[in-house]
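The values are calculated or read from the model by the stated rules, or taken from the named source; none is laboratory data. The structure presented is a predicted model; accordingly, all values stated were derived computationally and were not measured. Positions of Cβ are backbone-derived with ideal geometry, glycine not excepted, and every protein chain shown enters the neighbour counts. Just so you know, the surface numbers come from the protein's heavy atoms only, side chains and all, with ligands and any DNA or RNA stripped out. Shrake-Rupley method; radii C 1.70, N 1.55, O 1.52, S 1.80 Å.
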Amino acid sequence: MTRIAEVRVTPILISDPPLLNLQGVHQPYTPRTIVEVVTENGAVGLGETYGDTDYLRLAEAFGPRLAGAGLTVNGLLPAVTECLAEVGAERVDNTVQAEGLRGSRTMAKIASSVSSAFEVAIYDALGHELGAPVHALLGGKVRDAVEYSAYLFYRWAEHPEPDEPNDGWGAALDPEGVVAQAKRMASDYGFSSFKLKGGVFEPAREIAATRALAEAFPGQPVRLDPNGAWSVATSLEVAAALEGVLEYLEDPTTGTANMAEVARKTSLPLATNMCVTAFDEVPEAFGSRAVQVVLSDHHYWGGLRATQDLAAVCRTFGVGISMHSNTHLGISLAAMTHVAATIPGLRYACDTHRPWQTEDVITQPHTFSGGKVAVSDTPGLGIELDREVLAKLHDRWLGSDVRRRDDAAAMRRVQPDFTAPMFPRW
Ligand SMILES: O=C([O-])C(=O)C[C@H](O)[C@@H](O)C(=O)[O-]
Ligand SMILES: [Mg+2]
C-alpha cells in the first residue's frame, strides 16, 4: 500500500455574513484550515477544520510528521495529542468561548478538531487509491442522500464597512424577516426543517419568531437554539410556550445539571452541542437524562469514525443523534454527508452553515435538492480542490491580521461597549 509523500496545510480566510448569536456577530472574514494529504502515487486527500491560531499551529506542526506514514487513521488522535503537548495552545480554559459556541474549550477538543481534518484527508486519499467512496470505507451508506435543515439566523443586512462582503440576503431582525429568510431557504434549497439561532433577543421575541415559523410551515420541524442563554426558569417558560411547536429545543441553558432539570420538567426533547461535546461528557449527561438528542460534529468529536462511535453510544442509551455545524466549506460538507450516510438511526435533518458561504475551495460546490445532498459514489469524498480559489483565499489570509473567530470583537465595531454575556443572560 502506498504511503504518504507530503502533507500541505493552508490557512485561508473566507467571507462570512453578519449572522447574530449570543456571543456577538460573525466577522466579515473567518479563518479555516485546509489539509491536503498527498500519497506516493499522487492521490490527494482533502480535510478541513477550524483556522484559529491554536488549531492552525497544531495542524502545521503535525502535518509533516505524517510524511512516510501509511494511510491509516487509528493512531492519529494520540499522535496529534502528543504533538499538542509539545506545541501548546494559547487559551485553554473551561468556559464557553466565542469562537464556535460549542461548549468548553479543552486541549482534547483542539486535538480532536485537528486530528479530524487529517482523518478525513486520509480517508479521501485512501478512497482515491482504492477507487472507493469514503462512505464505503466507513462500512457503506444506508441512504443515498442526506437531509439538511435551514439554519436561520437573526442578521444584519451588511457588515459595518462598505467594502466588506455583502451576500444580498438582507436583514432578519423580527418574525417577518425570519420567515422571509426561511421561505428563501425553502425555495432555493428545498429545506423542510428549520432551526433558528436564538439567544440574540429577549425570549418573548424569539418565541414569537418561532411561532411565526411554525405557522408559515405547518407540520414541518422547527428548532430553536439559544446556545445556553437562559436560566432554568426561563428555559421552562419558553418550553411551555413552545410545547407542540418545536421538534426539539437545543441548549436552552448551560451545563448538564441545568439541562437535566429542564428536561425533567418539560415534554420537549432537549438537544445539545454544548453540554455533550466529547465522550467524557456522555456518562453524566446520559445518566441524568439531560439530553434527548446529541448533535454530532466530526470536527470536534474527532473524525468520521468517532462520529459513528458516538452514534453507537447514543443508540445504546436511546438518545437521538443529529448533526451540528459551524461555518464550513464543501470539504467539510462532503465529509458530513459521507458519515451521515452511514448512520442508521439518523432521523433528524442535519445542520449546515454552507448556504451562508459565498465561496468554496472545491471545483463543484454541492447542490441541495429537496433539502438534501446526494451521497457521492465516486472515489474518496467525490470532490476536487480548486487551487486557484485556495490560493486567492490564502492570499487574503496573508494580507489580513484576522487569526481567530471572535464574534464579540466583531460586535464591538458597532457597539463599542459590547461584551460576551454572562450565563444565564435571561
Ligand atoms: O448549534 C450551534 O450551537 C452552533 O451552530 C454554533 C455556531 O457557531 C453558530 O451559533 C454560529 O455560527 O453563530
Ligand atoms: Mg447549538
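Given a 1.4 Å probe and every protein chain left where it sits, what share in percent of the accessible area of the chain is carbon and sulfur? The value for the chain is 51 percent carbon and sulfur by accessible area.
Computed with a 1.4 Å probe over protein heavy atoms only, the accessible surface of the chain comes to 36 Å² per residue. Measuring between their Cα centroids, segment 254-321 and segment 47-82 lie 26 Å from each other. Most tightly packed first, judged by the mean number of other beta-carbon atoms within 10 Å of their residues, the peptides 233-241, 21-29 read 21-29, 233-241.
Accessible area of ARG403 (1.4 Å probe, protein heavy atoms only, ligands and nucleic acids ignored): about 70 Å². Multiplying the residue separation of SER187 and ASP280 by 0.36 nm and removing their Cα-Cα distance gives an extension gain of 29.4 nm. Residue by residue, segment 356-363 carries 3J(HN,Hα) couplings of 7, 8, 9, 10, 8, 9, 10, 5 Hz when phi is fed to the Karplus relation 6.51 cos²θ - 1.76 cosθ + 1.60 (θ = phi - 60°); x denotes Gly or Pro. Counting only heavy atoms of the protein chains and using a 1.4 Å probe, TRP156 has close to 50 Å² of accessible surface. Each residue was assigned an accessible area with a 1.4 Å probe, and for LYS141 the value is about 60 Å². Amide H contacts of ILE362 (H built 1.01 Å from N, in plane; Pro and chain starts excluded): GLY330, ASP386 sit under 5 Å, all sequence-distant by 5 or more or on other chains. Between segment 130-195 and segment 330-370, the alpha-carbon centres lie 10 Å apart. Derived scalar couplings between HN and Hα for segment 376-384 equal 6, 9, 7, x, x, 7, x, 10, 9 Hz in order, rounded to whole Hz, by the Karplus curve 6.51 cos²θ - 1.76 cosθ + 1.60 (θ = phi - 60°), x for Gly and Pro.
Positive-end ranking of GLY127, CYS314, THR49 along the dipole of the chain, with charges on Cβ about the Cα centre, is headed by CYS314.
Antiparallel beta bridges, as assigned by DSSP with both residues in the chain, represent about 60 percent of the total such bridges. In terms of packing, defined here as the mean over residues of other Cβ atoms within 10 angstrom, the peptides 361-368, 63-70 line up highest first as 361-368, 63-70.
Listed by chain and number, the aspartates and glutamates whose alpha-carbon sits under 13 Å from that of LYS265, ignoring those within fewer than 8 places in the same chain, are GLU237, GLU243.
Beta bridges per DSSP, both residues in segment 130-250: antiparallel share near 10 percent.
Which of the three applies to segment 142-215, rounded, prolate or oblate, going by the alpha-carbon gyration tensor with a ≥ b ≥ c and a/c under 1.5 meaning rounded? Verdict is oblate for segment 142-215.
Among rounded, prolate and oblate, which fits segment 139-374 when a ≥ b ≥ c are the square roots of the eigenvalues of its C-alpha gyration tensor, a/c under 1.5 means rounded, and a/b larger than b/c means prolate? Taking the square roots of the gyration eigenvalues as a ≥ b ≥ c, segment 139-374 is oblate. Straight-distance candidates among the lysines for linking to LYS183, with alpha-carbon spacing under 21 Å and chain neighbours fewer than 8 residues away dropped: LYS195, LYS197, LYS372. Antiparallel DSSP bridges in segment 139-374: what percent, to the nearest 5? The answer is about 20 percent antiparallel.
Taking all protein chains together and a 1.4 Å probe, the residues ARG315, ARG305 rank ARG315, ARG305 from largest to smallest accessible area.
When every Cα-Cα distance of the chain is counted in 10 angstrom steps from zero, the calculated P(r) takes the values 5, 23, 34, 27, 10, 1 percent. Is the C-alpha gyration tensor of segment 358-398 telling us rounded, prolate or oblate? Criteria: a/c under 1.5 is rounded; beyond that, a/b larger than b/c is prolate, otherwise oblate. Verdict is oblate for segment 358-398. In this structure the amide hydrogen of ALA132, modeled in the peptide plane, comes within under 5 Å of the amide hydrogens of GLY380, none closer than 5 places in sequence on its chain.
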